[in-house]
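These notes are about the structure you will find just below.
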Amino acid sequence: MGTMKRKQVRAENGRMGSLHAMLTKYPDERSCERRIIEVRWPGGWACPRCGNARCSPVADRNRIWQCTRCSHQFSVTAGTCMQSSKVHLRRWFHAMWLVARSKRGVSAMELAAQIGVSEVTAGFMLERLRGAMARSECLRRAVG
Ligand SMILES: [Zn+2]
């Protein structure tokens, strides 16, 4: 790695935080789910049925949380690029981090190698992420 490249990497790390820091911050699926809730409901989550502001994860059900008062259940990823995907949220976060900080784009082959999924899966994720990136800045906020 040349000096220029190192400087560039340092600058990018300064702006977005390191990959290591991000993966340490979100060590498991539940922490990713918590982060998605924060980003999707910036003013705080509110139950659409009873207005309660507290929700908790449903045991043994990935991505499903419920209202602590009326037990209304919801999927934290419904309506996001991660909807109905079996790929672990941590891998999605890793992919978002790579895509958000890459200037020249990430190829399916590159993504597959980096996060440990098949190239077909990586291609699907990139398609979803490109749509999401075009629509909003939410990805940067999620993993920044
Ligand atoms: Zn409720």
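Every number here is computed from the coordinates shown, using simple stated rules; none is lab data. Here the structure is a predicted model, which is why all the values come from computation and not from measurement. When we count neighbours, we look across all protein chains shown, and the Cβ atoms used for this are built from the backbone with ideal geometry, even at glycine.
Since only Ile64, Cys81, Cys32 are under comparison, the one whose Cα sits farthest along the positive direction of the charge dipole of region 27-85, derived from C-beta charges on Lys, Arg, Asp and Glu, is Ile64. Remark: region 72-80, residue by residue, has Karplus-estimated 3J(HN,Hα) of 4, 9, 8, 9, 5, 9, 4, x, 10 Hz, where x stands for each Gly or Pro and the curve is 6.51 cos²θ - 1.76 cosθ + 1.60 at θ = phi - 60°.
Each of the peptides 17-30, 75-88 was scored by the mean count of other Cβ atoms within 10 Å over its residues; in descending order, highest first, they stand as 75-88, 17-30.
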